[in-house]
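Below is one structure, written out as structure tokens; the observations come after it.
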Amino acid sequence: MSDTPHAPAPDLSARAGVPGGVPEADEHRRVEELAAHAAKEGVRTGPFASLGGIGGLGGRGGGSGGGRGAGALRHLALVIALGILCGIGAVTKGSSFATTSNMVLILSLAAVIGVVTVGMTFVIIGGGIDLSVGALIALASVWSTTTGSQAQGPAVMIFTSVLVGTLCGLLNGLLIAYGRLVAFIVTLATMVATRGLAEQLSDRKSQIVTADTFLSIAETRWLGMPLLVYIFAAVVVLGWLVLNRTTFGRRTFAVGGNPEAARLAGINVRLHTCLLYVVSGFCCGIAAVMLTAQANTGASTHGMLYELNAIAAVVVGGTLLTGGFGSVLGSILGVLVFTTITDLFILNNLTTPIQEIAQGAIIIAVLLIQRWGRGRSVTT
């Protein structure tokens, strides 16, 4: 720890009350003062550390303060990994890999799963998990491409897709936060149920999109870059701003790092947890629009294994599955790593099973590294 003197942190323990106590009326204001103080001073000990996540504090702290160095190292490692992958591509398939069109293709492939990953990042930092994202995409795509929806025009199709995803996320959040059910089981159940509903609505048939304006979402290019990539970038920027520059983001780290301390600080943990799943569902609705436009169809098979791909990208990006620590930037770098690997395997004519084996090995390696790193931080 630095020897530089810090201003004394506001006293949380003296005013937060005992477990089960009623927080004072000004707890919300004080928690923001604590977060601002921690972000400025980089405090990792003292009364604010009990919040275990706001501003990157505590044993599982989040996105600023003392956690900045570790986060920057993780991001740098991912950038180096991307550079190595690009070098491998240039050596093995230089004529086809190191081209502008292939770089644009990688970004296009990353766009849909990247939007889903932003929502998943919020959920996992908040201490949850969402296994239903792929099925939500399928249901949203099918619902938005029914004959009735298409007859109302592309605006209604987009609205329907986003609305279905958001409402399904709300259902997940209500069951988990207010029904006090385990997130893994709830989202597993909704994954099965929503995929089944998508199959029922579509009669297991692909629904062709006939609205040219809707299809233009995937076909339009600005400055040589597909519109899908711009949508992806907009979601990433918005997610980063919300997570790092708003009260909602600070409370996400607090809830994921130490929900009991967050409750004593005046945060409505149940409501916030519910809203995290709404964010995830909202991102799924946007991703469904993008995927439907790409495929020209709505189908119950859309989004297969997207939940695993999103979780893998989040974990590789440095977000802890235990909650309280992570970043949108790291998750997106994780998406780009996996997308680049997929592109390399395709160019080198490697089979899908080999791709899946490699992805699984990468995830396990990252988890082992994270555990080793946490073990060192505890002992030092």
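The values are calculated or read from the model by the stated rules, or taken from the named source; none is laboratory data. Values in this document were obtained by computation on a predicted structure and should not be read as measured data. Because the Cβ atoms are built from the backbone with ideal geometry, glycine has one as well, and the counts that use them run over all protein chains shown. The area values use the complete protein model at the heavy-atom level, side chains included, leaving out ligands, DNA and RNA. Shrake-Rupley method; radii C 1.70, N 1.55, O 1.52, S 1.80 Å.
Per the Debye calculation on the stretch 129-200 with a single equal scatterer at every Cα and no solvent contribution, log₁₀ I(q)/I(0) for q = 0.27 Å⁻¹ amounts to -1.11. Seen from every direction in turn and averaged, the convex hull around the alpha carbons of the stretch 77-120 projects onto 3.5 nm². Remark: the stretch 227-380 carries 41 Å² of accessible area per residue (probe radius 1.4 Å; ligands, DNA and RNA excluded). Couplings 3J(HN,Hα) of the stretch 97-102, computed from phi: 7, 7, 10, 4, 4, 6 Hz, in residue order, whole Hz [Karplus 6.51 cos²θ - 1.76 cosθ + 1.60, θ = phi - 60°; x for Gly and Pro]. I357 to F159: FRET efficiency via 1/(1 + (r/R0)^6), r the Cβ-Cβ distance, R0 35 Å, to the nearest 0.05? Efficiency, from the Cβ-Cβ distance: 0.30. For the pair T92 and A151, label points projected 7 Å from Cα toward Cβ lie 5.1 nm apart. How far apart, in nm, are two points set 7 Å out from the Cα along the Cα-to-Cβ line at T99 and at A233? Simple spin-label model gives 2.3 nm for this pair. The accessible surface of the stretch 194-292, taken with every protein chain in place and a 1.4 Å probe, is 62 percent carbon and sulfur. Along the axis of the charge dipole computed for the stretch 263-380 (Cβ charges of +1 for Lys and Arg, -1 for Asp and Glu, origin at the Cα centre), the listed residues H302, V316, A265 are led at the positive end by A265. Protein heavy-atom accessible surface, 1.4 Å probe, per residue over the stretch 128-186: 40 Å².
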